Structures are given as structure tokens and as C-alpha cells.
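The values are calculated or read from the model by the stated rules, or taken from the named source; none is laboratory data. Keep in mind that what you see is a predicted model, and the values were worked out from it rather than measured. Positions of Cβ are generated from backbone atoms using ideal geometry, with glycine treated the same way; all protein chains shown enter the neighbour counts. The protein model used for the area step is the full one, side chains on, heavy atoms only, and it has no ligands, DNA or RNA in it. Shrake-Rupley method; radii C 1.70, N 1.55, O 1.52, S 1.80 Å.
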Amino acid sequence: MTQIKKARSGMITPEMKIVAEKEQVAPEWLRDQIAKGRIVIPANVRHSRLSPVGIGEGLFIKVNANIGTSSDHAIFEEELEKLRVSIEAGADAVMDLSTAGDIDACLGAILEESTIPVGTVPVYQAVVETVEEKGALIDLTADKLFDVIERQAEKGVDFITVHCGLTRAALEMLKGQGRITDIVSRGGAFLTTWMLHHDRENPLYENYDRLLAIARKYDLTLSLGDGLRPGCIADATDRAQIHELMTLGHLTRQAWDQDVQVMIEGPGHVPLNEIETNMIIQKKLCQGAPFYVLGPLVTDIAAGYDHVACAIGGALAGAAGADFLCYVTPAEHLCLPNVEDVREGVVVTKIAAHAADIAKGNRVAIERDRQMALARKNLDWEAQMKLVIAPTKARKYREQNPPAEDDVCTMCGKYCAIKQVKEYFKD
Ligand code: SF4
């Protein structure tokens, strides 16, 4: 039985208890939100080391880190190190997006080690294997795609991106739209190529019940992907994007009817002034299902600093209703990120998520900042290091430039403003 099915039958599962404790919410309230589909706990019954995480309305905003090999850089150990660094830096989930090397072995090792939910995009592996076996991605079959989905589910993957809303009708919208960047989703591009070559409907849409049956068996959460997400500011919030989202809303209802947990993926590149509108449209069209945004990046010209462009968009998206932020690293649009890029991406996205939690009135998040303010006022540096999002970096800065007097810092030195007025504001 899936978490949503158990919630609907009134059960509070061990996973729900753990999530309720982490979030400091009542287990009964959590169960009711899961039953309504507003919160998911991606927890494949086969992922043995998992410490369950909840995603959705009323919980802390979560952060995902993408890891995985590429055809130009496939070092298995490096991806495992990225997993470790992601967890250490505070990621709530990882996605293994491997497209080279021994994909099965890499995913198996990640699942064995990961205590946080693991997601994948199965069409990647299905296409890579098809190209290796038959020579071209157009030789992909629906059976091959579903075999890979089942294989990954059997291994213990907790959530999968499936671009089920990328239909022929959505492609017609895209063709008529006159976009600049057309399709920037890798999975979306694979499926579009296949659909146009064969003049066929998307197999994930056509065989949605087959997908739901696999998801139900393993309690695999579906992350309904946005294959037509905008790849530049000029393409944001157009007919193709919204058409796909409307289909995802319809598929959300079907998944809930079959007791399958589901979340929705969203853009992409979106200007600041359109982010709130995007969040409202998604929540309305998908009936409150958790929203997982890939950014959004608020400008196209921040290469080298795209993690900052992403954090700006992520903070606003989170404050306006997004529940799950996919990180972007400084390497975005340039190359596969290295281990330090991954760390930087997670930390910056955690800051965005926390800022949004405060804006949404999360009392635990607000209290953490209040404690930080008190620690700063008290010049209590140890307490400050315990409260910051990235203590290692904070400590490094303090240690590399130590003050003459221990209780201040070298910014103002003996003219420390806090220290000066402290005596006069004792209470
Ligand atoms: S020295 Fe300046 S920056 Fe440092 S703690 Fe005091 S007031 Fe703050």
C-alpha cells in the first residue's frame, strides 16, 4: 500500500511519524494532507536506508541536488562523492541523472548509500541503452521504457520524472508559438524526437495506467515533468508550457484515483514578475499537488553565477507556493558540475528555501533566525556557527582573519558597534 492509500484509510505510518517529528507538525494533520495529495513522502518500499522526507504545503521547502555521469565525464566515484557532499550541505533529495558508464551500478550504489530520497529520469537510461543496443534513440520502444522504469523502481528509486504531459497536442502548441529555445529538457527532447519520427503519441501518456501500476507497487512517487519548460526568459509562461501543465493537472487526478503519490515539475527560466503567477496557475490547475521547480532562473545572462539567478527565483517561487526547489550550480549551462559546484549549489538553494520559509510564516524557520539575532547580539560565536546554513565556510572566514579581541570580528575590530552599545541596552 502506498502512503496516500494508507493515509486515506486513516493510518499514520512510521514514515509519517518521522516526517511529522522532523517538521514539528501533528501526525494527524500530516496524514490528512497526504490523503488529499497536498503532501508526498517519496519512500519506495525497497529503499532500506531512507530517512523519509515530506514535500508539500505547510512543510519546510525542500532542496534537490542533481548528480550523475555524462557521456563526456563519467567517473563513478565522483558522483558518490557528490552524493555525500549534497547530504552534508543539507540537500533533502538527490536525482541521479547518469547517462554514461554503468548506469545500473551507479544508481545501485547511490541508493545503497543515500539516506535521502533518490529520484531519476528513467527515459535517460532507456535511451542510452537503446542507442548502445540498436544504434539510435528512435529505436526506443514503450516496452523498453517501462522495463527501465520497473528496473529502477525495483532497485528502490523514490521518485521519477516522467514527461507524461508532453503530448502531440502540446507539440502543436509549441510549433505555433514561435519560441526561441523550443525544448531545453533532455527528456522532453528525447520524447519529442521519438514522437515526431514515428508520428506517434507519447508512450508515457498513452500507457499512463501501466505507469501507475508500477508506481503503486513500489510506492514510487511520480514527478510529472515539464518537457516544455521555458529555456529562456522570452519563452516563459507561453501556450506550450501551460498546455502541458493543464494535462499534468488531469493526470494528477488520475494518479490520486489510483492511490499514487504525485508532484508536478515547473519552470525553468521565468522573469521575476511572472513567478508568482506561475505558482498560482500550477496550484490551481493541479489541485494543490506539491510543486517542484527547476530554478526558476530569473535572467539568462548569469552563466558562472546561475546558482544566484536560481536562488533569487527560488526564494520568490517558494514564498509564492513552490514546495521543492531543484538546485542550480555555478556550472549550469557550461559543464557538468564538480564536487565543489554541487556544495555551492545546495547551500545557495537552501538559503533561498529558508528565506521563503520565513516569508511563509514557518515558525521553526523564524525562530532559528531569532536565535541567530540573539547570538549576534551576545557576540556568541559558537552559537552563531551552530545556527548558520553553511558552518564550515563561516568558520573558515572567521579563522582566516582572527580579531585582536576574541568577542568581536575584524570588520569593525575595537569599534564593534554591538559591543559599544551593549552596556547601555542590557535588557
Ligand atoms: S565587529 Fe562589527 S561586524 Fe563584527 S560583530 Fe561587531 S558590529 Fe558586527
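At full extension, Ile180 and Arg168 could sit 2.4 nm farther apart than now, given 0.36 nm per residue minus the alpha carbon distance. Checking the Cα-Cα distances for Lys17/Lys360; Lys17/Lys386; Lys17/Lys396; Lys386/Lys414; Lys22/Lys283 against a 28 Å cut-off, the pairs over it are Lys17/Lys396.
Computed on the Cα trace of region 280-427, the radius of gyration divided by the Kirkwood hydrodynamic radius gives Rg/Rh = 1.07. Placing unit charges on the Cβ atoms only, positive for Lys and Arg and negative for Asp and Glu, gives region 174-279 a dipole magnitude near 220 debye about its Cα centre. Solvent-accessible surface of the chain, averaged per residue with a 1.4 angstrom probe and all protein chains in place: 43 square angstrom.
Most simply put, region 12-145 has about 30% antiparallel DSSP beta bridges, counting only bridges with both residues inside it. Across region 157-314, the fraction of Cα-Cα pairs farther apart than 24 Å, rounded to a whole number, is 31%. Note: relative contact order over region 267-382, using C-alpha pairs below 8 Å and six or more positions apart, is 22 percent.
Within the chain, what percent of beta bridges assigned by DSSP are antiparallel, to the nearest 5? Kindly include the intermediate steps, with their values, before the conclusion.
Values: 3 of 28 bridges.
Counting only bridges with both partners in the chain, antiparallel ones make up about 10 percent.
Here the convex hull built on the C-alpha positions of region 53-111 has a volume of 83 cubic angstrom per residue.
Here the gap between Met385 and Glu21, fully extended at 0.36 nm per residue and compared with their Cα-Cα distance, gives a gain of 128.6 nm. Using the Stokes-Einstein relation with a Kirkwood hydrodynamic radius computed over Cα pairs, the translational diffusion coefficient of region 241-357 at 10 °C and a viscosity of 1.306 mPa s comes to 110 µm²/s. Defining a contact as two alpha carbons under 8 Å apart and six or more residues distant in sequence, what relative contact order in percent does region 90-158 show? That works out to 34 percent. The orientation-averaged shadow of the Cα convex hull for region 1-156, equal to a quarter of the hull surface, comes to 9.9 nm². Residues Phe324, Phe425, Phe76, ordered by accessible area of protein heavy atoms at a 1.4 angstrom probe radius and largest first, appear as Phe425, Phe76, Phe324. On the basis of the beta-carbon distance and an R0 of 25 Å, Asp72 and Glu340 show a calculated FRET efficiency of 0.85.
Averaging the inverse of every distinct alpha carbon separation and then flipping it gives the Kirkwood radius. What is it for the chain, in angstrom units? Kindly include the intermediate steps, with their values, before the conclusion.
On the way: mean 1/r = 0.0447 Å⁻¹.
In the chain this quantity evaluates to 22.3 Å.
Mean residue ellipticity, 222 nm, helices only, the chain: the sum of -39500 (n - 2.57) across DSSP H runs of n ≥ 4, divided by residue count and rounded to 500, is -16000 deg cm²/dmol.
Once you have the Kirkwood Rh of region 354-427 from its Cα pairs, apply Stokes-Einstein at 10 °C and 1.306 mPa s and quote D in µm²/s.
On the way: Rh = 13.7 Å.
Calculated translational D: 116 µm²/s.
Fully extending the segment from Val364 to Glu88 would add 97.3 nm, taking 0.36 nm per residue of separation and subtracting the current Cα-Cα distance. Apolar share of the accessible surface for the chain: 54 percent from carbon plus sulfur atoms, 1.4 Å probe. Over region 83-191, the reciprocal of the mean inverse Cα-Cα separation, the Kirkwood hydrodynamic radius, stands at 15.4 Å.
From Cα pairs below 8 angstrom and at least 6 apart in sequence, can you work out the relative contact order of region 215-337, rounded to a whole percent? Write down the numbers at each step before the final one.
Values: 236 pairs, mean separation 28.9, N = 123.
Reported as a whole number, the value is 23 percent.
Label positions at Met246 and Cys232, each projected 7 Å from the Cα along the C-beta direction, are separated by 2.6 nm. With coordinates expressed along the principal axes, the C-alpha atoms belonging to region 318-405 extend over 45, 34, 13 Å, beginning with the largest.
From the gyration tensor of the Cα coordinates in region 216-302, what semi-axes in whole Å does the equivalent ellipsoid have, largest first, with each one equal to sqrt(5λ)? Display every interim value, and only then the final one.
Values: eigenvalues 127, 30, 21 Å².
Value: 25, 12, 10 Å, ordered largest first.
A straight Cα-to-Cα reach below 15 Å connects Lys419 with the aspartates and glutamates Asp380, Glu405, Asp406, Asp407, Asp427, residues fewer than 8 places away in its own chain not being considered.
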